[in-house]
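Engineer: My questions all concern the structure below.
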């Protein structure tokens, strides 16, 4: 069977999974393949006659593009290959590995240019997840190393402060002076306890909560257990709890880990609502826990009516030691621990937030029939 080379080349370009565009010498687009249209969202009619400038994200300087074309036109190089970020029709950003090469006539004259772009969003997401896990591992090693070195002398400091406080009255002296010393000792004990809690949080990241035991159970049972532990504290903080739970939903998870996840999310919600109160909100102090079936997953969400998280911080909140809480209210490890626990039980987590309105964390848990 004889193959028409021109038709074969056209079919290869048309059917390629990579985005391909061809322009004339001035940069005006003459052709874009279906993959290019799919990735960027522009139709062929919308693109042809324009320049690749319609993809510019604004994240690269004029100097960046000048150097790109300088390299392409350099006879010793004759092409450009590198990563850049383009903007799709809907405004979303897409990182691509782009290669631009000249298109030449049979006489060797440049008649146009061809760009081939590889969508690297998946790779970037994977790199980010690996980097995040590396940070968690580093924190775990750090925790194991410092727990004993800090914990032992800290216990001595706390113990001595309590001994001194207990003997102040017997030592005699001016009552006002004794009261000031007593207050200072209370501060010492309080700060020692805070450091101790930080160490325990670090250790929580560096070791498992016992052996992982994935089993099938009704998710509502764990929610009820957590609310039995913290319900009174929430009521003391004037926070209302609303439940929207589909009955009888079973999940495959480790119940102790799921309990810790819910507990941490409720703690975060309470802090967010407290902050909203301090900012002047006088009503709507509530947390809603939802449990719904969705395909082969059970979605567990915790929604608060707190202060919300700024959009630019949403990609940072799962990093160790990053916190939006006020000084003294958190260590920045709660969501990092949640991320680790979610990964261990083969679940997924996402966050949506509107500043000034509130935040929703959703955990996608496995259903029994989804077990491999």
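The values are calculated or read from the model by the stated rules, or taken from the named source; none is laboratory data. A quick note: this is a predicted structure, and the numbers were derived from the prediction, not measured. Neighbour counts are summed over all protein chains in view; Cβ atoms, including those assigned to glycine, are modelled from backbone coordinates with ideal geometry.
Engineer: Among the listed residues 89, 50, 76, which satisfies the condition of being loosely packed, with under 15 Cβ neighbours inside 10 Å and either under 20 Å from residue 28 (Cα atoms) or touching a strand residue (DSSP E or B) at 6+ places or on another chain (Cβ under 6 Å) (or both)?
Structural biologist: Just a single option satisfies the conditions, and that option is 89.
Engineer: Report the residue count in the range 15-39 for those that are surrounded by 19 or more Cβ atoms within 10 Å (Cβ to Cβ), in contact with a helix residue (DSSP H, G or I) (Cβ under 6 Å, 6 or more places away or on another chain) and not in a strand (DSSP E or B).
Structural biologist: Total meeting the criteria: 1.
Engineer: Filter the range 230-239 for residues that are over 17 Å from residue 278 (Cα atoms) and surrounded by 12 or more Cβ atoms within 10 Å (Cβ to Cβ) and give the result.
Structural biologist: 230, 231, 233
Engineer: What's the number of the condition residue 256 fails, among (1) modelled with pLDDT of 85 or more; (2) closer than 26 Å to residue 340 by Cα; (3) not in a strand (DSSP E or B)?
Structural biologist: In the conditions (1) modelled with pLDDT of 85 or more; (2) closer than 26 Å to residue 340 by Cα; (3) not in a strand (DSSP E or B), residue 256 misses (1) alone.
Engineer: What is the residue count in the range 193-224 for residues that are assigned to a helix (DSSP H, G or I) and modelled with pLDDT of 80 or more? Let's see the steps before the verdict.
Structural biologist: First, the residues of the range 193-224 that are assigned to a helix (DSSP H, G or I): 193-206, 219-224.
Among the residues that remain, those that are also modelled with pLDDT of 80 or more are: 219-224.
Going through the range 193-224 one residue at a time, the tally reaches 6.
Engineer: Still on this structure, I have one more. Could you identify the single residue in 304, 346 that is over 26 Å from residue 240 (Cβ atoms) and at pLDDT 85 or above? Show your work before the answer.
Structural biologist: Details: 304 fails: over 26 Å from residue 240 (Cβ atoms).
From the options 304, 346, the qualifying one is 346.
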